[in-house]
1. Which residues, taken from the stretch 19-59, are part of a loop (DSSP other than H, G, I, E, B), surrounded by fewer than 13 Cβ atoms within 10 Å (Cβ to Cβ) and within 16 Å of the ligand (Cβ to nearest atom)?
2. Considering only the stretch 119-128, how many residues are within 14 Å of the ligand (Cβ to nearest atom) and surrounded by fewer than 19 Cβ atoms within 10 Å (Cβ to Cβ)?
3. Just one of the numbered conditions (1) crowded, with 16+ Cβ neighbours inside 10 Å; (2) within 27 Å of TRP16 (Cβ to Cβ) is not true of GLU162; which one?
4. Are any of the residues in the stretch 17-34 more than 22 Å from PRO88 (Cα to Cα), acidic (Asp, Glu) and either free of Cβ contacts under 8 Å to residues at least 24 places away in the same chain or out of contact with any Cys (no Cβ under 9 Å at 6 or more places or on another chain) (or both)?
5. Mind checking which residues of the stretch 79-96 are within 8 Å of the ligand (Cβ to nearest atom), surrounded by fewer than 24 Cβ atoms within 10 Å (Cβ to Cβ) and of a type outside the set (D, E, K, R)?
6. Could you check how many residues of the stretch 2-18 are part of a strand (DSSP E or B) and within 13 Å of the ligand (Cβ to nearest atom)?
7. Here's a check for you: in the stretch 103-118, which residue that is over 15 Å from TRP30 (Cβ atoms) and buried (at least 21 other Cβ atoms within 10 Å of the Cβ) is farthest from the ligand (Cβ to nearest atom)?
8. Here are VAL63, VAL139: which of them is among the β-branched types (Val, Ile, Thr), more than 16 Å from the ligand (Cβ to nearest atom) and at negative phi?
Amino acid sequence: MPTAAIVGSGLIGRAWAIVFARAGWDVRLWDPHRPTLADAPTLIACECEELARHGLVDDAAAVAARARAAGSLAEAVDEADIVQENGPEKLEAKRAIYSDLDRLAKPDAILASSTSAIVASRFTEDLPGRARCLVAHPVNPPHLVPVVELCGAPWTSPQTMERARAIYQAVGQVPITVRKEIDGFILNRLQGALLAEAFRLVEEGYVSPQDLDHTVKDGLGLRWSFMGPFETIELNAPGGMADYCARYTGFYRRLAADPAPPEVYDPQNVEKILAAWHGSGSPERIAARSEWRNRRLAALAAHKASAPREP
Ligand SMILES: NC(=O)c1ccc[n+]([C@@H]2O[C@H](COP(=O)([O-])OP(=O)(O)OC[C@H]3O[C@@H](n4cnc5c(N)ncnc54)[C@H](O)[C@@H]3O)[C@@H](O)[C@H]2O)c1
């Protein structure tokens, strides 16, 4: 049975554990914060039951039973074919964890980091095993949102990239390859472009934050749940993408010449948006809404799984 080690068993680590366990892998969890490690199997079991309610796993108990807490980092990684690192989003932490992982994991184990924004070359350069290291950036939560951005450092071997791609595909994810390192990888650059414009439009009084959200959840986002922006524009002009570009890029050029500036994130604008929103939200509200989001994502995943195969 292939084995995955989950190093850092917080929000993202637990979700990765479900991804691998659901695909039949043995999963070894590790976290230096003992209460987090102790709670992880129960939280994973609860989420597996939620998946079963949506028909996304057949046997929730069997899936959950495959994810077990290890007694040490060494025990977590010693049998692992892939290590998924989900520690704190701090460069020094990634450096320290990777130094341990490269020393403790089998020589042919892949060392993949969930980091959102730190490229692998910043924390793997000095490692003897740096050719087997890469970033595998998920979207929260990866057991319900399948895309994973694979981005190697300049020294990551092509074999590592190929093996990683095959592994993530085999466990039901949708890997994409980021061909060279770039700040924010792909997904957060796209999200950042949209977010900056959203902050600007609210700041300048064009729209309320609620109506802006409607524009995405009841507009753009409906198509985006099954097609990307290129396919969207291909279908938005009778002659396809070239026709669309000929018709509309004059307008997009004007927009691109005047991008939202960094100041849209200044504290006074954040305050303004919060005042028009419903404040910062209590931890209880955030937790309840996160559970609601996961239930909606599970229903969407079930719907997508039941759809006929794409032409
Ligand atoms: N939350 C998101 O939306 C999201 C999305 C994509 C990627 N990520 C990335 O995933 C990683 C984890 O984020 P998270 O949201 O799960 O954070 P989290 O705070 O929920 O979990 C981080 C865990 O790392 C543990 N930890 C601390 N020191 C450690 C060490 N030396 N070795 C191993 N584990 C250690 C902590 O105890 C904690 O449980 C980050 O790199 C983050 O950027 C997060």
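1. HIS33
2. At the first step, the residues of the stretch 119-128 found to be within 14 Å of the ligand (Cβ to nearest atom) are 119-120, 122-123.
Now drop any that are not surrounded by fewer than 19 Cβ atoms within 10 Å (Cβ to Cβ), which leaves 122.
The number of residues fulfilling the criteria is 1.
3. Evaluating GLU162 over (1) crowded, with 16+ Cβ neighbours inside 10 Å; (2) within 27 Å of TRP16 (Cβ to Cβ) leaves (1) as the failure.
4. The initial filter retains those residues of the stretch 17-34 that are more than 22 Å from PRO88 (Cα to Cα), namely 21-26.
This time we only want the ones that are acidic (Asp, Glu), so: 26.
Now restrict to residues that are either free of Cβ contacts under 8 Å to residues at least 24 places away in the same chain or out of contact with any Cys (no Cβ under 9 Å at 6 or more places or on another chain) (or both): 26.
Within the stretch 17-34 (the criterion being more than 22 Å from PRO88 (Cα to Cα), acidic (Asp, Glu) and either free of Cβ contacts under 8 Å to residues at least 24 places away in the same chain or out of contact with any Cys (no Cβ under 9 Å at 6 or more places or on another chain) (or both)), the answer is yes, since at least one residue qualifies.
5. The first filter runs over the stretch 79-96 and keeps only residues within 8 Å of the ligand (Cβ to nearest atom), leaving 85-89, 93-94, 96.
Filter once more, so that each one left must be surrounded by fewer than 24 Cβ atoms within 10 Å (Cβ to Cβ): 87-89, 93-94, 96.
Of everything in the stretch 79-96, those that are within 8 Å of the ligand (Cβ to nearest atom), surrounded by fewer than 24 Cβ atoms within 10 Å (Cβ to Cβ) and of a type outside the set (D, E, K, R) turn out to be GLY87, PRO88, ALA93, ALA96.
6. First, the residues of the stretch 2-18 that are part of a strand (DSSP E or B): 3-7.
So of that shortlist, the ones also within 13 Å of the ligand (Cβ to nearest atom) come out as 5-7.
Total meeting the criteria: 3.
7. We begin by selecting, within the stretch 103-118, every residue over 15 Å from TRP30 (Cβ atoms); these are 106-108, 110, 115-118.
In the following step, the residues that additionally are buried (at least 21 other Cβ atoms within 10 Å of the Cβ) were identified as 110, 115.
Numbers: ILE110: 17, THR115: 4 Å.
Here the residue is ILE110.
8. On the way: VAL139 fails: more than 16 Å from the ligand (Cβ to nearest atom).
Matching residue, one of VAL63, VAL139: VAL63.
The values are calculated or read from the model by the stated rules, or taken from the named source; none is laboratory data. Bear in mind that the values here come from a model prediction, so they are computed numbers and not experimental data. All Cβ positions, glycine included, derive from the backbone under ideal geometry; neighbour counts span all protein chains shown.
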